[in-house]
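I have placed the structure first, in the form of structure tokens, so that the comments after it can refer back to it.
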Amino acid sequence: MITFYTYPGPNARKAQIMLEESGEAYQAVTVDIKKGEQFDPKFLAISPNNKIPAIVDHTADGPVPVFETAAILTYLAEKSGRLLPAAGAKRYDVLAWLVWGTGSVGGTLPQLHHYSDLPDRVPGTVERFNTEAVRLFKVLERRLQQHEYICGDYSIADIPTFCSTAGWLQRVKGWSDGALGDTPAIDRWLKAVAARPAVQRVG
């Protein structure tokens, strides 16, 4: 049994989709970040960076805590034998795109969200992060013009980028004044991932 520490938001959704894809039994525990529960010493022992999501796998050899989204997805993929090649070039291609999705896409869009929602915007910040979001979505569009999914077959590389893109693509398009343009490959891919039963179960 896996304990899944969560709070509503895109990062928790990424981990929960993989929990569903893996077939592992899990129990969700909400960490109320508005109440500061992420700073509880018991939670910090699991997630030292005081962020959700995090998991604890209660194995026969003892509990295995895992924090950071990319690490959680990799752990679950390796344990279940799903959505990550076991070895070779394809494995490292998936891992590279997983890091790209959690680090580049997953790092840029929250900054765009933060600065765009400020009551008094800091000059240049929204423009800077929107320009980077446009660049990243162009990278994704080119990739998906060549592959059905990010790494050919559906994998853990798709999950974090899907969660971020589904929530932000149209908003970035609206702010880009045509710089992003049409994204037919991304649009196709979003529909394909959204149709997966595991994704639909998470909502």
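The values are calculated or read from the model by the stated rules, or taken from the named source; none is laboratory data. Owing to the predicted nature of the structure, the values given are computational and were not obtained by experimental measurement. Don't worry about glycine lacking a Cβ; one is built from the backbone with ideal geometry, like all the others, and counts go over all protein chains shown.
Exactly one residue among 172, 105 is part of a helix (DSSP H, G or I), at pLDDT below 95 and not small (Gly, Ala, Ser), and that residue is 172.
Criterion first (modelled with pLDDT of 95 or more and outside the structural domain of residue 51 (by TED's automatic domain parsing)) does residue 136 satisfy it? Walk me through it before giving the result.
Working: modelled with pLDDT of 95 or more: yes; outside the structural domain of residue 51 (by TED's automatic domain parsing): yes.
Yes; evaluated as a whole, the condition is true for this residue.
The residues listed here are 16, 27; of these, the one that is at pLDDT 95 or above and either outside the structural domain of residue 64 (by TED's automatic domain parsing) or within 14 Å of the chain's Cα centre (by Cα) (or both) is 16. The numbered conditions (1) under 15 Å from the mean Cα position of the chain (by Cα); (2) closer than 24 Å to residue 201 by Cβ are all true for residue 80 except (1). In the range 65-88, the condition of being over 26 Å from residue 144 (Cβ atoms), free of Cβ contacts under 8 Å to residues at least 12 places away in the same chain and either part of a loop (DSSP other than H, G, I, E, B) or among the β-branched types (Val, Ile, Thr) (or both) is met by no residue. When the residues of the range 155-186 are filtered to those that are surrounded by 19 or more Cβ atoms within 10 Å (Cβ to Cβ) and of a type in the set (Ser, Thr, Tyr), the one that is nearest to residue 22 (Cα to Cα) is 155.
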